[in-house]
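Below is one structure, written out as structure tokens, with a few remarks after it.
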Amino acid sequence: MDKFSHAIIKHKKYVLMAFLTATLLGAILLSLVSVNYNMADYLPKNAQSTIAIKIMEDEFGGDMPNTRAMLTGVSIWEALDYKDKIQSVDGVISVNWLDDVVGLDILQTTPLDFIDTQILESYYKDDNALMSLSIARGKERSAIDSIYAIVGNDNAVAGEAVNTAETQAMSVSEVVKAMAILLPIIIIILIISTNSWAEPLLFLSSIGVAIIINMGTNIIFGEISFITYTVSPILQLAVSLDYAIFLLHSFNDHRLSHKPDKAMAMAMKETLPTVAASAATTIIGFAALMFMRFGIGADLGLNLLKGITFSFISVMIFMPAATLTFYKLIDKTKHRKFMPSFKKAGTCLMKVKFPLLIVALLVLAPVFLAQSNTEFIYGTGSIAAASRAGKDNISIEEKFGRENPLVLLVPRESAGKESEICNALAKIPHITNVVSFTTMVGSEIPVEFVPKEAVEQFYSKNYARIILYTDTDEEDANAFATVENILSISKDYYNDFYLAGHSATLYDMKNVVSFDTGLVNILAILGIFAVLLITFRSLSLPLFLVFVIETAIWINLSFPYFTDKPLSFIGYLIISTVQLGATVDYAILFTNTYLNNRKTLPKRNAMRITIENNLTAILISATILATAGFSLAITSSNPIISELGTLLGRGTLLSLTMVACVLPALLVLFDRLIQKTTLNSEFDDKLQSKECD
């Protein structure tokens, strides 16, 4: 370490140049990284809905309809004119309307009174025309903007593609808005907690460099999810800012008796184990996300793991060089200490530690059960609820009813079997219509006598396509029950079948996430437990520390259950690992200090001094992390991101409370057990007789 630190100090100008070059390159590469807004793309490749979509693209040359457009007060001819204009929009794969069902010639020459009423009113009713659109993935925003320009404000457009377009529009400014609020607050917090006006800028620049490099290196993946794009920079800043604070505080302490170069070398050596342990626990929490089968976890986990690594490198290499370059500026901008003293906090918390422990034990079982029974939201429909898309969807449902289409793909076998399954599917509750070749044309008529265009709507070389119209929401108990019934009936007729549609995708997502949830939590807990086991060389301490943070997580995740509010599954998965990995550092710092104080002090006095000396440090860290979360919650117009921010902010404050109020009671109460289960513990039992509160 000595050779490494001396090399950094000696070549500090080259270090600064190298990092600034890397930052500039990262900023350029960042603009080339594409953002994926389609959650379905992150399902496992073997998910049945994913396979269904692939078959649709390969064999039928198109995708599922993902948008509905309603044109009000139009004639048949005007509707056909609108259809042609919408069809010409870049990104629109297909537009299906009444003419595709009954035939254009028949529609143009036959009076509407002679067309089947059930078919007619599904597409045209009271001078309102309803069209189904299929919009290509990745082109949702530009296509929807063009469609809005064509139909104007008096008509309605809604659907999955519209929700995706809304998400794209929101995410463009999400990070900027969050940072605009977060950075000034962090600067104020750092000014209060430091002694120089320049130090906060040094902290932020060290982590800022790491964030830009991290986001730029995503070019190796080609694209990242919109969740990662929005959340990753803010989490990286909030979680790793501690590393910079630790180093600079150590540097300032050593400068009291050493020259700057020597002080920095000593600070780097002293800080490395602490920062490395802190980074390791955080990295393990993020690494657990990478084991999810649902690709969002791996996308975010890998990005944050990479980000924490870059933050660690930046703090241990870039920051020492930058600090020694600008330490005179730090000296010139010294100010008096604004942070209040917490000397009385130790005495106060020691008086209530056991009642607070009892409260924590009493709520443990209820909050665990509550968070285990929380209902989840898997789709992105809530994103557009308050926008034009939400209002348009209500307008369409008022005139044409709710429509949630599914497509069942079965092997192209006998028309008789196809007719039988269609009859069985039509009896399923919430299925309003079954459209297939046999229901539209008839099982008795050979395909050779039917126009090619009509046949291609339902048959490919290997598969038959059955379109099922349902009246459920995209995701609710009825929607998932309908999907299960369709799959169950299909199993009675075919060995090989696939179901596509938004509800089918969300159903697969639900099943995948249910498995991922348990796996990710177990891996995160085991990984951090192993780090704590190595760090403290104790069998009991890891149990106490994990208990404290996990209890805070369960309390945090129980709020949606007690408020009867469904929770986005993304928030649940992310917060359960992020809160554990990011806030266990508070417990590590507390426990480490207590063990050191316990060498020379009786247990109660050792804990009182531990609280007095460390409450400020964890309070600063927790305030920054909580502020980052609440900034996301306040600034994000995306409900998923906003909810994640609330979970992060609330969870951080709960972890702070558990560490400051409950952990002291555990360490004092089980002092003798800790001594017996910790390797080479240096507790002095003689100190107990001298103890005083």
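Filter the stretch 593-622 down to residues that are out of contact with any helix residue (DSSP H, G or I) (no Cβ under 6 Å at 6 or more places or on another chain) and not in a helix (DSSP H, G or I) and give me whichever is nearest to PRO664 (Cα to Cα).
So the residue we want is LEU601.
Quick check on my filter: what residues within the stretch 217-231 are part of a helix (DSSP H, G or I) and within 11 Å of LYS306 (Cβ to Cβ)?
Residues satisfying the conditions are THR217, ASN218, ILE220, THR228.
How many residues are among the small types (Gly, Ala, Ser) and farther than 28 Å from MET56 by Cα when one looks only at the stretch 73-119?
2
Which condition number in (1) at pLDDT below 85; (2) touching a strand residue (DSSP E or B) at 6+ places or on another chain (Cβ under 7 Å) is the one that MET70 fails?
Status for MET70: all satisfied but (1).
With the requirement that a residue be out of contact with any Phe, Trp or Tyr (no Cβ under 8 Å at 6 or more places or on another chain) and of a type in the set (S, T, N, Q), what does the stretch 530-553 give you?
THR535, SER538, THR551
With the condition kept exactly as written, say whether any residue in the stretch 131-140 is under 30 Å from SER642 (Cβ atoms), in the same structural domain as TRP77 (by TED's automatic domain parsing) and assigned to a helix (DSSP H, G or I).
yes
Need pairs with beta-carbon distance below 7 Å; first residue in a helix (DSSP H, G or I) and within the stretch 506-530, second of a type in the set (Lys, Arg); sequence gap 6+ or separate chains.
VAL512/ARG293; PHE515/ARG293; ASP516/ARG293
Kindly list the number of the only condition in (1) touching a Phe, Trp or Tyr at 6+ places or on another chain (Cβ under 6 Å); (2) part of a strand (DSSP E or B) that fails for ILE51.
Failed condition: (2).
Does SER576 fit the bill of being surrounded by fewer than 24 Cβ atoms within 10 Å (Cβ to Cβ) and either out of contact with any Lys or Arg (no Cβ under 9 Å at 6 or more places or on another chain) or outside any helix (DSSP H, G or I) (or both)?
Details: surrounded by fewer than 24 Cβ atoms within 10 Å (Cβ to Cβ): no; either out of contact with any Lys or Arg (no Cβ under 9 Å at 6 or more places or on another chain) or outside any helix (DSSP H, G or I) (or both): yes.
So SER576 fails the test.
Looking only at the stretch 101-112, count how many residues are under 23 Å from ILE396 (Cα atoms) and free of Cβ contacts under 8 Å to residues at least 24 places away in the same chain.
Total meeting the criteria: 1.
Within the stretch 76-129, can you find the residues that are in contact with a strand residue (DSSP E or B) (Cβ under 7 Å, 6 or more places away or on another chain), farther than 21 Å from GLU456 by Cβ and assigned to a loop (DSSP other than H, G, I, E, B)?
GLY91
I'd like to check something: does the stretch 286-297 contain any residue that is without any contact (Cβ under 8 Å) to a residue 24 or more places away in the chain and either not aromatic (Phe, Trp, Tyr) or not in a helix (DSSP H, G or I) (or both)?
As a first pass, look at the stretch 286-297 and keep what is without any contact (Cβ under 8 Å) to a residue 24 or more places away in the chain: 290.
Then drop every residue that is not either not aromatic (Phe, Trp, Tyr) or not in a helix (DSSP H, G or I) (or both), which leaves 290.
The answer is yes; a qualifying residue exists.
Hey, among ILE219, ILE187, which residue is closer than 23 Å to ILE620 by Cβ, surrounded by fewer than 21 Cβ atoms within 10 Å (Cβ to Cβ) and not hydroxyl-bearing (Ser, Thr, Tyr)?
ILE187
Would you confirm, using the coordinates I've provided, whether LYS306 is surrounded by 20 or more Cβ atoms within 10 Å (Cβ to Cβ), modelled with pLDDT of 85 or more and of a type in the set (D, E, K, R)? Write out each step before concluding.
Working: surrounded by 20 or more Cβ atoms within 10 Å (Cβ to Cβ): yes; modelled with pLDDT of 85 or more: yes; of a type in the set (D, E, K, R): yes.
When the stated conditions are applied, LYS306 passes them.
The values are calculated or read from the model by the stated rules, or taken from the named source; none is laboratory data. Because the structure is a prediction, the values reported are computed rather than measured. Ideal geometry is used to build each Cβ from the backbone, glycine not excepted, and the neighbour counts take in all protein chains shown.
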